[in-house]
Amino acid sequence: MGTAKLDGNVSIAGMGFPVHISVEDEGGIGQQVTVPMAYAGTVKSGGGTTDGVIEGVALTTTITAADNVDVYWVDAAGDPQIVYGGDVSDVTDDEITCGGVTAFSGNLPANGYAVIIAARKVVTTAFLGTAVSAVAAYCSVGRGHIAFIDTAVAELTVDIADGEGWFWIEGLGYANPITGDDIDEIWVSTADTIADRTFYVGVQYDSVS
Amino acid sequence: MKATVDAYVNILGKRYGIEQMAEEEGVIKHESVLNTWIPSESLAAVEIDIGFGGGTESTFSGTFAAFDDDTYTVGDRVTFFYNGGVDKVVGGLVSDEGANFVRVTGADTNFPAEETVGYLFKDTSIDVSFEGDDLECFAVYCEAAATVTFWASDVSKLAIDLTAGQSYFWMKNTGYTNPLAGESITEVGFVMYGAVGTEVCKFAALHNNVE
């Protein structure tokens, strides 16, 4: 029997709110995945649509035509944005053509906008969202993105800030974000442009029928 | 003013943490002792019956009889627990009261059938005024098991069931949608069930209140 624990404190203007939750379940999944570094670029064409060309990408890029990619940027208001899951159909010189066959989850920013393009990793897994009592993720360095997939459909996506984690645990006060979903893949990527990074995913769930 | 969240989940020995800090001009803070129905008597002594109502006399209204406590006054917000505390009717306001009855109207749902035994609690209500869209962070806590309800002009917008000694919180950029977005909150109400005595409840919010 595994135990997942939440411990912490919220402080608002000096007033403290303790947070302590402990839940038990038989099953546990731990993933420690190396995700490839991302590359800075600029939207050359396709701005405002779900496919386009990113230019100005370093010639040393490891992104290839076999990849699916996520595109990160920060909008004019300073808020982080992302579209994910686009396919790569061509990499020529400093240009990556993407989203033409498998479209991105949303529209790319306008042509000329600075972005970061990152190849995603696919983690094969198998658990029922309804059976989950705790789930958490973080990227070792840099902004990260995680998507929980049920039969090629992203049921939950989370944009994780640099240096932060994300979690849900039973008793937190929020509904289970993947209840009813049969999770068979987890997609992860990092927006860090310095080096490959490590993505951690933990799941605790009722694995006994 | 500042708010911080420092929390982590441990799964299979790995820690997944949140360390967030927010800063805004406005703070609302409140800490008080919860209202208890009869703090010096046993729960058995406070059992009440629905004298009439029960969903047949008038929707969302009921009259509670067979008690002699004069705790309630017109305008109090109350919660009726029944079925051993599993079920509850929230949002009612005392519209009339006398030596042996309390009339409650305007609840969010219908009351159960006549003669249903339960417990009528007066909410601890905090008058506030803030826009949900302006929030950076908020948290609620109670020493006892309790329900916290955020009201917008007598309409329930968010109800949270707290276990004893456990906080609920929301903070921007932690991966969860602001549960009070778009709401103009006018009241925060606490009600606990089953505890008798002095129990502390707390509410605090950090918000942008500068035009």
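The values are calculated or read from the model by the stated rules, or taken from the named source; none is laboratory data. On a predicted model such as this, the values are computed, not experimentally measured, just so you know. Cβ placement follows ideal geometry from the backbone for every residue including glycine, while neighbour counts extend to all protein chains displayed.
Kindly establish whether residue A:41 is touching a residue at least 12 places away in the same chain (Cβ under 8 Å), crowded, with 17+ Cβ neighbours inside 10 Å and within 14 Å of chain B (Cβ to nearest Cβ). Taking the combined requirement at face value, the residue does not satisfy it. Of the strands (runs of 3 or more DSSP E) entirely within the stretch B:19-89, those holding at least 1 residues that are surrounded by 14 or more Cβ atoms within 10 Å (Cβ to Cβ) and either at pLDDT below 70 or within 14 Å of another protein chain (Cβ to nearest Cβ) (or both) occupy B:26-33, B:49-52. Consider the stretch A:39-66 and keep the residues that are of a type in the set (Gly, Ala, Ser) and in contact with a Cys (Cβ under 9 Å, 6 or more places away or on another chain). The one that is farthest from residue A:89 (Cα to Cα) is A:46.
For residue A:19, state whether it is among the hydrophobic types (A, V, I, L, M, F, W, C), under 16 Å from residue B:15 (Cα atoms) and more than 8 Å from chain B (Cβ to nearest Cβ).
no
Just one of (1) free of Cβ contacts under 8 Å to residues at least 60 places away in the same chain; (2) more than 8 Å from chain B (Cβ to nearest Cβ); (3) touching a Phe, Trp or Tyr at 6+ places or on another chain (Cβ under 8 Å) fails for residue A:8. It is (2). Of all residues in the stretch B:141-160, those that are closer than 15 Å to residue B:90 by Cα, modelled with pLDDT under 90 and not hydroxyl-bearing (Ser, Thr, Tyr) total 3.
Assessment of the stretch B:183-202 against the conditions (facing chain A (nearest Cβ under 8 Å), crowded, with 18+ Cβ neighbours inside 10 Å and over 16 Å from the mean Cα position of the chain (by Cα)) yields no matching residue. Looking across the stretch B:80-119, the residues that are within 15 Å of the chain's Cα centre (by Cα) and among the β-branched types (Val, Ile, Thr) come down to B:89, B:90.
Do we have any residue at all in the stretch A:133-155 that's charged (D, E, K, R) and farther than 28 Å from residue A:44 by Cβ? Checked the stretch A:133-155: at least one residue is charged (D, E, K, R) and farther than 28 Å from residue A:44 by Cβ.
Just to be sure, is residue B:168 without any contact (Cβ under 8 Å) to a residue 12 or more places away in the chain, buried (at least 16 other Cβ atoms within 10 Å of the Cβ) and within 23 Å of residue A:167 (Cβ to Cβ)? Considered against the rule, which asks whether it is without any contact (Cβ under 8 Å) to a residue 12 or more places away in the chain, buried (at least 16 other Cβ atoms within 10 Å of the Cβ) and within 23 Å of residue A:167 (Cβ to Cβ), residue B:168 comes out as no.
Only a single criterion out of (1) modelled with pLDDT of 95 or more; (2) surrounded by fewer than 22 Cβ atoms within 10 Å (Cβ to Cβ); (3) in contact with a Phe, Trp or Tyr (Cβ under 9 Å, 6 or more places away or on another chain) is not satisfied by residue A:102, namely (3). Considering the stretch A:143-155, the residues that are more than 12 Å from residue A:189 (Cα to Cα) and part of a strand (DSSP E or B) include one that is nearest to the other protein chains (Cβ to nearest Cβ), namely A:148. The set of residues in the stretch B:105-133 that are more than 18 Å from residue B:90 (Cα to Cα) and within 14 Å of chain A (Cβ to nearest Cβ) comprises B:128, B:130.
In a residue-by-residue description of the stretch A:121-142, the property of being of a type in the set (Gly, Ala, Ser), under 30 Å from residue B:159 (Cβ atoms), touching a strand residue (DSSP E or B) at 6+ places or on another chain (Cβ under 8 Å) and part of a loop (DSSP other than H, G, I, E, B) applies to no position.
Of all the listed residues (A:65, A:77), the sole one being surrounded by fewer than 15 Cβ atoms within 10 Å (Cβ to Cβ) and modelled with pLDDT under 95 is A:77. Among the residues of the stretch A:156-196, those that are more than 14 Å from chain B (Cβ to nearest Cβ) and more than 24 Å from residue A:73 (Cβ to Cβ) comprise A:179, A:180, A:181, A:182, A:183, A:184, A:185.
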